[in-house]
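Written below as C-alpha cells is the structure these notes are about.
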Amino acid sequence: MATRRPAWGKLAAIVLVCAALAAAWRYTPLSELVTAERIVAWARAVRGTWWAPIAVVLIYTPAAFVMFPRPLLTLLTVIAFGPWLGFAYGMGGILLSALATYYAGRVMRPQTVERLAGTNGEALRKTLRRHGLAAMTAIRIVPAAPFALEGILAGAMRVRLWHYMLGTFIGMVPGVLATSVFGDQITHALEDPSAINWWLIGAVLAAFVLLTFLVRRWFARQ
C-alpha cells in the first residue's frame, strides 16, 4: 500500500472550521442558545420518544452514503441514550449501513465502482483478496477509504458476507466504544463538570492510538 502524504488541506479545513465555530460562539448569540441545560433537555426529550431508537438506527444508512461524520452521529446518540444503549444503537446502525453499502456494490456497474474507487481501489482490492476477514477488520479500524466506499468495493468483489459483516463488527467496536466513553463523559460535563473521569478518557485514547498504530504496521507489511 502506497505511503500517504499528510492531508494538509483537510487539516487546514478542520482548523478553519474550529476557528469559525469559536468566533461564532464568542461574537454571536450562539453561546446563549446552545447551553448545557438545553442540550440535556434535548437529550431527555429524544430518549423519551418511542420511535427515536428506530430513527437513530435507520439514519446511519443515508449518513454513510452522503459521508456524514459517523463518530459525530454516534456521539449524539450516546448523549441522548447513554453509553450502553448509545453503543448498541450505534453498532446496529453501523451494521445496517454496512449491509446497505455491500449490496449497493453488488448491483453497481463495474465502471461505476472503478470511478468511485479512484486510486485507492486497487490496493484495497489486493488486501481484501489476500486476507479476507483480517483485512476487513483492519480497514474498519484504520479506514483505507470512506466507510461507504469500502462496503461498495467489498460487495462488488463478492467478499464473503459473513467475513464482511464480522470484520465490520470487530473493526468498528473499538471506535464506537471510544466514542461511547467520550459521549458519556461529555454528558457528565454538561450535568456536573466535576464528575469527568480524565483517567478513563486518557486510557481509552491511549488504547485506541496503540491499536491504530499496530493495524497501520500490519497494513505496511502487506
State yes or no: is R140 at pLDDT below 80 and in a helix (DSSP H, G or I)?
-> no
Checked T77, T61 against criteria (under 14 Å from the mean Cα position of the chain (by Cα), β-branched (V, I, T) and either at pLDDT below 95 or not in a helix (DSSP H, G or I) (or both)); the one match is T77
Using the structure shown, decide if I54 is assigned to a helix (DSSP H, G or I), modelled with pLDDT of 85 or more and exposed (fewer than 15 other Cβ atoms within 10 Å of the Cβ).
-> yes
Do you know which residues across region 183-217 are surrounded by 15 or more Cβ atoms within 10 Å (Cβ to Cβ) and closer than 25 Å to M136 by Cβ?
-> V204, F208, L211, V215
Search region 94-137 for residues being modelled with pLDDT of 80 or more and β-branched (V, I, T), and hand back the single one that is most open to solvent (accessible area, probe 1.4 Å).
-> V107
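The values are calculated or read from the model by the stated rules, or taken from the named source; none is laboratory data. Predicted model, so just to flag it, every value in this text is computed and none were measured. Cβ atoms come from the backbone with ideal geometry, glycine included; neighbour counts cover every protein chain shown. Quick note on the areas: whole protein, heavy atoms, side chains included, nothing else; ligands and nucleic acids left out. Shrake-Rupley method; radii C 1.70, N 1.55, O 1.52, S 1.80 Å.
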